[in-house]
Amino acid sequence: MRYLALTNNDRQQMLQAIGASSINDLYSAVPQQFLLTKPIDNLPLHQGELEVDNFITNLAKKNRHANQGMFFLGAGCYNHHIPATVDHLIQRSEFLTSYTPYQPEISQGTLATIFQFQSIIALLTGMQVANASMYDGATALAESLQMALRLQSGRKKFATFGNIHPDYLDVCNTYLNLNDASFVNEISSECAAAIVQYPDFYGNIADLQHIKQQCQANGALLIVVVTEVLALGLLPAPDIADIVVGEASSLGVGLNFGGPLLGFFACQKQFVRQMPGRICGSTTDADGKQGFVLTLNAREQHIRREKATSNICSNQGLCATAFTIHMSLLGEIGFKKLAMLNHSKACFAFDELSKVKGLKILNNNFFNEFAVEFSQSADKINEKLLAKNIIGGYCTDNKMILAFTELTSDNDIKNLAKELKEILQ
């Protein structure tokens, strides 16, 4: 039974108060192709709990889990092993039910975990400060552009280098359209910042030093976005950047049908006042014991809305906790070994796929994924792979981005090469 507390008269009064003629006015910014014009096909209406439960159960059986066969999909979400300890610990009530530490005197455990998360992100990125996490990598990048606009008053352009994740760019464009800002291909004195993905969407690793020099010559900030946090276990930390953002769900969180994810945001200390979200700090109490508090709360729930730097930044507490636990289990040496293992898998795949006629590997360098090009539609090749219970890579036209992790066996890679050889004959 549905319970709707508001009457039609209530709704009309609210619409009148905000100056909207109908509820549809509230969705005017959403592109038409994403708005439902009819009920979703194949979903039953008005059935009992037993019938709905049976329907959803049968629907779920159609899913193909990443570990139920060969899996080479990456492009922003990566299939890594999550230790059982992570799931066990985050289900403790102290972590599972704790949303945000509004009262530090009774939230010391949560605050300590957030402090550790920030410390790890700062170490990985080479930045001086990191916040208490973002929703995902895409919104973290969008928030970094907002931050650059505040820091670089009057500048309304952003130069992009290399190939940046198209989904990230879509999210950023939503923000930029509201600020009369735009992307350009070359850096100039009109640019607030330059953006580079590290590694980029197709797996290439950019020369950050070269881009930094161009930024300095034009007075622009350098923003680095990392969609695979594990890459920072092998690649040099992007410490010459002004802002480093990205996606950290590879560790502790997992795929989960594409969400929830875990964004991170770090920057140089001089910009901290314009950083979105909140920062947890360490201090000492009246008895000289270590304690943790929120030292920066530039978000809409804590101070006046017009003073907030962001209104969407959650601390993603549970996901950040899962990441922190996983990182603590690995330690610095384990993290680097895991990164090296991922890279070695990709190197083995590079060698095996180089023998396959009919495809061209596009990368000269990479971490754990690279792009291949076919003379035909990559989507059609993926369909043929799926028929053999192989989930291939992310496709764009005739290109396919293939990812390899510690969960990819050498036999998986050999079988992929074998099947592609037969498909391309």
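The values are calculated or read from the model by the stated rules, or taken from the named source; none is laboratory data. Because the structure is a prediction, the values reported are computed rather than measured. Cβ sites come from the backbone with ideal geometry, for glycine too, and all protein chains shown count toward neighbours.
The figures follow:
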item	result
Number of the exception - Phe115 against (1) of a type outside the set (Lys, Arg); (2) at pLDDT below 85; (3) under 22 Å from the mean Cα position of the chain (by Cα); (4) outside any loop (DSSP other than H, G, I, E, B)	(2)
Pairs with Cβ under 9 Å, 6+ apart, first in region 268-287 and farther than 15 Å from Thr125 by Cβ and assigned by TED's automatic domain parsing to the domain that holds Asp136, second small (Gly, Ala, Ser) and surrounded by fewer than 18 Cβ atoms within 10 Å (Cβ to Cβ)	Pro276/Ala308; Cys280/Ala112; Ser282/Ala112; Ser282/Gly291; Thr283/Gly291; Thr284/Gly291; Asp285/Gly291
Any hit, region 135-147, residues being of a type in the set (Phe, Trp, Tyr), in contact (Cβ under 8 Å) with a residue 40 or more places away in the chain and in contact with a strand residue (DSSP E or B) (Cβ under 7 Å, 6 or more places away or on another chain)	yes
Residue within region 243-254 that is of a type in the set (Asp, Glu), touching a residue at least 40 places away in the same chain (Cβ under 8 Å) and surrounded by fewer than 24 Cβ atoms within 10 Å (Cβ to Cβ) present	no
Pair list, Cβ under 8 Å, 6 or more apart: region 67-91 residue over 16 Å from Leu386 (Cβ atoms), other residue hydroxyl-bearing (Ser, Thr, Tyr) and in a strand (DSSP E or B)	Gly74/Tyr394; Ala75/Tyr394
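Okay, residues lined up against (1) at pLDDT 90 or above; (2) part of a helix (DSSP H, G or I); (3) out of contact with any Phe, Trp or Tyr (no Cβ under 7 Å at 6 or more places or on another chain); (4) surrounded by 12 or more Cβ atoms within 10 Å (Cβ to Cβ):
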{"residue": "Asp53", "(1), (2), (3), (4)": "yes, yes, yes, no"}
{"residue": "Thr57", "(1), (2), (3), (4)": "yes, yes, yes, no"}
{"residue": "His65", "(1), (2), (3), (4)": "no, no, yes, no"}
{"residue": "Asn79", "(1), (2), (3), (4)": "yes, no, no, yes"}
{"residue": "Ile82", "(1), (2), (3), (4)": "yes, no, yes, yes"}
{"residue": "Thr85", "(1), (2), (3), (4)": "yes, yes, yes, yes"}
{"residue": "Glu105", "(1), (2), (3), (4)": "no, yes, yes, no"}
{"residue": "Gly109", "(1), (2), (3), (4)": "no, yes, yes, yes"}
{"residue": "Glu143", "(1), (2), (3), (4)": "yes, yes, no, yes"}
